[in-house]
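The values are calculated or read from the model by the stated rules, or taken from the named source; none is laboratory data. In this text the structure is predicted, and so the values were computed from the model without any measurement. Ideal geometry is used to build each Cβ from the backbone, glycine not excepted, and the neighbour counts take in all protein chains shown. The protein model used for the area step is the full one, side chains on, heavy atoms only, and it has no ligands, DNA or RNA in it. Shrake-Rupley method; radii C 1.70, N 1.55, O 1.52, S 1.80 Å.
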Amino acid sequence: MTTQHDWTDAGFATRAIHVGQDPDPHTGAVIVPVYQTSTFAQSEVGEHKGWDYARSGNPTRDALQAALASLEGGRHGFAFASGLAGSDAVLRTLSPGDHVVMANDVYGGTYRQLARVHQPWGLQFDPVDLSDVDAVEAAWRDNTRMVWIETPTNPLMSIFDIRALSDFAHDRGAIVVVDNTFATPYLQQPLSLGADVVVHSTTKYIGGHSDVVGGAVVTNDDDLAAPIAFLQNAIGGVPAPWDSWLTLRGLKTLAIRMRAHCANAHAVVEALVSSPAVTQVLYPGLRTHPGHDIAAVQMRDFGGMISFRMVDQDAALKACARFRVFTLAESLGGVESLVEHPGKMTHMSVAGSTLEVPSDLVRLSVGIEDVEDLVGDVEQALS
Ligand SMILES: Cc1ncc(COP(=O)(O)O)c(C=O)c1O
């Protein structure tokens with residue numbers, strides 16, 4: 001779908017609602033329709049209106065891709081069936097024998113994909129503490145082609161300096177990929193900080209309502225966009241029209257939701273900090289957080305994700321079971337608050353690896369319910 005109005009200079013919330021989403025030229029429908037079709041009529045062989053087969057392209061998906069690209073400040077946006085399908089496409093732009101320096105605290109599924117899918121096919125990688133320049137230098141090899149950053153990380157909420165790492169990688173001929181799932185483009189724009197590619201699990205804040213799984217890849221680099229476009233079609237990990245539509249509907253309210261997530265998270269952090277049952281709160285908004293100063297510069301606010309530690313695993317598991325407003329469930333970034341135990345839930349896949357997470361860790365995805373209800377629930381769960 002072509003955008004008739006130029007929204008380039010519009011603000012973030014305006015672009016979320018309008019880019020790629022002009023009224024339907026055929027019917028005037030204000031909302032982009034769900035083009036639930038697998039194929040498109042051709043007037044003659046090879047003559048069509050821009051779409052020929054729905055794996056290669058679909059107008060609903062195109063609208064989503066245009067909006068995603070605009071929100072990240074990129075020229076090229078690609079939607080995938082899941083965040084991991086998007087990561088897979090980005091990693092496949094590398095060649096066997098290439099080496100990836102990856103943050104040593106990434107989403108467990110990203111680590112599993114590198115370790116158990118790409119490594120057996122010939123990619124090499126090292127998980128590294130990306131806040132330690134000496135460690136990055138030591139891990140660097142002649143064949144290092146990519147730095148994979150996640151910031152804030154899932155689940156330890158580590159912060160990495162996107163601009164400094166981009167300069168470092170570019171000086172050595174490597175590209176930088178940032179998983180921006182936790183921050184969202186509303187809070188952090190990696191391309192403007194020097195990164196080459198942004199990836200998302202749109203399942204999380206971008207979709208925002210825990211009703212659809214999806215992924216996104218955005219870049220400004222034409223040379224990277226071409227292979228990603230090829231892989232999107234050649235491998236076919238694309239979102240269905242309905243899933244594209246749900247994600248597009250979700251992202252319209254990203255700005256207002258993120259403001260509410262952040263405000264509620266600040267209040268929940270205060271409650272956690274003052275709880276005697278909590279031994280450590282991991283939230284980049286806290287001045288005591290080692291990444292606070294970097295986060296304050298590269299993020300607009302500190303997000304809706306909080307992790308905290310308790311005396312031991314038993315205390316953490318018991319606390320998880322006591323929440324009432326927060327639902328015990330995997331995933332994050334929806335309007336409803338969630339609590340989980342990463343060690344036994346989302347991060348099982350890194351058990352026994354260098355990325356294993358502490359067993360006393362609890363992760364909260366702070367939703368946009370009334371703040372008094374959330375703080376009250378935290379207090380009763382930890383009492
Ligand atoms: C930071 C991060 N990146 C990537 C993913 C993978 O996304 P998906 O589950 O949509 O494949 C997740 C999933 O939890 C995640 O938290």
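Picking from residues in region 303-316 that are under 26 Å from the mean Cα position of the chain (by Cα) and more than 16 Å from the ligand (Cβ to nearest atom), the one that is farthest from A267 (Cα to Cα) is A316. For beta carbons closer than 6 Å, sequence separation of 6+ or different chains, a first residue in region 282-311 that is within 26 Å of L382 (Cα to Cα) and open to solvent by less than 10 Å² (accessible area, probe 1.4 Å) and a second that is part of a loop (DSSP other than H, G, I, E, B) and of a type in the set (S, T, Y), the qualifying pairs are I306/Y283. I'm trying to understand the selection: among the residues of region 128-154, which are within 15 Å of the ligand (Cβ to nearest atom) and either open to solvent by 20 Å² or more (accessible area, probe 1.4 Å) or modelled with pLDDT under 95 (or both)? Listed by number, the list holds a single entry, N154. Selection of region 112-127 for residues being within 16 Å of the ligand (Cβ to nearest atom), open to solvent by 40 Å² or more (accessible area, probe 1.4 Å), closer than 16 Å to L355 by Cα and touching a residue at least 12 places away in the same chain (Cβ under 8 Å) yields R112, P127.
On the basis of being open to solvent by 10 Å² or more (accessible area, probe 1.4 Å) and either over 23 Å from A265 (Cβ atoms) or within 13 Å of the ligand (Cβ to nearest atom) (or both), does A183 make the cut?
Details: open to solvent by 10 Å² or more (accessible area, probe 1.4 Å): no; either over 23 Å from A265 (Cβ atoms) or within 13 Å of the ligand (Cβ to nearest atom) (or both): yes.
Taking the combined requirement at face value, the residue does not satisfy it.
Which residues, counting only those in region 192-231, are surrounded by 24 or more Cβ atoms within 10 Å (Cβ to Cβ) and more than 22 Å from E330 (Cα to Cα)? Selection gives A195, V197, V198, V217, V218, T219. Can you tell me which residue within region 166-180, out of those that are open to solvent by 10 Å² or more (accessible area, probe 1.4 Å) and part of a strand (DSSP E or B), is nearest to G83 (Cα to Cα)? Checked region 166-180; the qualifying residue nearest to G83 (Cα to Cα) is D179. The requirement of being open to solvent by 70 Å² or more (accessible area, probe 1.4 Å) and either under 17 Å from the mean Cα position of the chain (by Cα) or at pLDDT 95 or above (or both) is fulfilled somewhere in region 362-370, by at least one residue. Within this structure, F302 fails the test of being part of a helix (DSSP H, G or I) and of a type in the set (F, W, Y).
Here is a yes/no grid of residues against (1) among the aliphatic types (A, V, I, L, M); (2) part of a helix (DSSP H, G or I):
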{"position": "D314", "(1), (2)": "no, yes"}
{"position": "M345", "(1), (2)": "yes, no"}
{"position": "E356", "(1), (2)": "no, no"}
{"position": "E369", "(1), (2)": "no, no"}
{"position": "V375", "(1), (2)": "yes, yes"}
{"position": "V378", "(1), (2)": "yes, yes"}
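Could you list, in sequence order, the residues of region 63-102 that are buried (at least 23 other Cβ atoms within 10 Å of the Cβ), hydroxyl-bearing (S, T, Y) and either within 16 Å of the ligand (Cβ to nearest atom) or within 12 Å of V217 (Cβ to Cβ) (or both)? Within region 63-102, S87 is the sole residue that qualifies.
Among residues of region 73-87 that are over 17 Å from Y205 (Cβ atoms), those with a beta-carbon under 8 Å from a residue that is within 8 Å of the ligand (Cβ to nearest atom) and open to solvent by 40 Å² or more (accessible area, probe 1.4 Å) at least six positions away or on a different chain give the pairs A81/V213. Taking every residue in region 201-230 that is more than 20 Å from E336 (Cα to Cα) and pairing it with any residue that is among the basic types (K, R), at least 6 positions away or on another chain, the pairs with Cβ-Cβ distances below 9 Å are V218/R75; T219/R75; N220/R75; D221/R75; D222/R75; A225/R75; P227/R92; I228/R92. Among the residues of region 188-215, those that are among the hydrophobic types (A, V, I, L, M, F, W, C), within 14 Å of the ligand (Cβ to nearest atom) and in contact with an Asp or Glu (Cβ under 8 Å, 6 or more places away or on another chain) comprise V197, V198, V199, V212, V213.
Here A263 fulfils each of the conditions (1) away from the ligand (no atom under 16 Å from the Cβ); (2) open to solvent by less than 20 Å² (accessible area, probe 1.4 Å); (3) not in a loop (DSSP other than H, G, I, E, B) apart from (2).
Looking only at residues that are within 11 Å of the ligand (Cβ to nearest atom) and within 17 Å of I368 (Cα to Cα) in region 318-356, which one is most open to solvent (accessible area, probe 1.4 Å)? Among them, the one singled out is S331.
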